Amino acid sequence: MITLSVNGRDHQVDADPATPLLYVLRDDLEMNAAKFGCGLGQCGSCMVLVDGAPVVSCVTPIVVLEGRAIRTVEGLGTVDDPGPVQRAFMEEQAAQCGYCIPGFMISAQALLERTPSPSDAEIRDALKPNLCRCGTHMRIMKAVRRAAGFMQTADAGATTSNGEDRR
């Protein structure tokens, strides 16, 4: 048994330690946002956050993830209360087929958590591991910029006028 912490909850997984995380997420935990794309870690469709960093889950064995915080697109928000990145991607209609979008959202989330006001060059660099065959790259860029604005507005609203944290 391996214990995985996914989206803030611990899950006991009875699988071969070499099993890629993607299969455990989809088959055992029924979290289907991360997609199987290439199976080689080259397209980004299966990306998740591990300790805040984007990781391709199709080639990451679960044995190296015990004790680490895993976050999937499902952990960024809900249908009723989407997170800033999810909301921005919806509002900008960044998806065409949608297959690659979970990976792009994960890359965007990681970027915005470490760089709240990224330049276009920083956004492009953060999104390099993700492939979109539909060509919605310009809408994805707009969505990341919009998400940055949402997150900055939320952070600004979390402090009082004298700088005390409201959260």
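Computed from the coordinates by the stated procedures, all read-outs in this text should not be read as laboratory data. Computed from a predicted model, the values in this text were never measured in an experiment. Don't worry about glycine lacking a Cβ; one is built from the backbone with ideal geometry, like all the others, and counts go over all protein chains shown.
Each residue of the stretch 72-83 was assigned a 3J(HN,Hα) from its phi angle through the Karplus expression (A = 6.51, B = -1.76, C = 1.60, θ = phi - 60°), giving 10, 4, 4, x, 8, x, 10, 4, 7, 9, x, x Hz with x at Gly and Pro. Taking mean projected area of the Cα convex hull in nm² as calculated from this structure, the corresponding entry among [x] 9.1; [y] 10.2; [z] 11.7 is [y].
For the chain, complete DSSP H runs whose alpha carbons reach 15 Å or more along their own long axis and whose mean Kyte-Doolittle score is 0.5 or higher are 101-114. LEU4 sits among other residues whose Cβ lies under 12 Å from its own Cβ, and their net charge, with Lys and Arg +1 and Asp and Glu -1, is -1.
Report, in deg cm²/dmol and to the nearest 500, the calculated mean residue ellipticity at 222 nm for the chain, where each DSSP H run with n ≥ 4 adds -39500 (n - 2.57) and the sum is divided by the residue count. After summing the helix terms and dividing by the residues of the chain, the value is -9500 deg cm²/dmol.
Ordering VAL79, VAL55, VAL24, VAL85 by the number of other Cβ atoms within 10 Å of each residue's own Cβ, fewest first, gives VAL79, VAL55, VAL24, VAL85.
Can you tell me the length gained on complete extension of the stretch LYS128 to LEU40, counting 0.36 nm per residue apart and subtracting the Cα distance?
Additional length available on full extension: 30.1 nm.
Computed extension length for HIS11-THR153: 47.7 nm, one decimal, from 0.36 nm per residue of separation with the Cα-Cα distance subtracted.
Loop-located trypsin sites (Lys or Arg not before Pro) in the stretch 1-105 (DSSP state not H, G, I, E or B) with no more than 16 neighbouring Cβ atoms inside 10 Å: ARG68. Sorted fewest first by neighbouring Cβ atoms within 10 angstrom, SER107, SER57, SER5 come out as SER5, SER107, SER57.
Computed from backbone phi, the HN-Hα couplings of the stretch 40-51 come to 10, x, 10, 10, x, 5, 9, 5, 9, 9, 10, 6 Hz, rounded to whole numbers (Karplus: 6.51 cos²θ - 1.76 cosθ + 1.60, θ = phi - 60°; Gly and Pro given as x). Evaluated with a Cβ-only charge set (Lys, Arg +1; Asp, Glu -1), the chain carries a dipole of roughly 640 debye about its Cα centre, given to the nearest 20. Fewest neighbouring Cβ atoms within 10 Å first, the residues VAL64, VAL6 line up as VAL64, VAL6. For the stretch 104-133 versus the stretch 4-25, the spacing of their alpha-carbon centroids is 26 Å. Where both partners of a DSSP beta bridge lie in the stretch 1-148, what percent of those bridges are antiparallel, to the nearest 5? In the stretch 1-148, DSSP labels about 85 percent of beta bridges as antiparallel.
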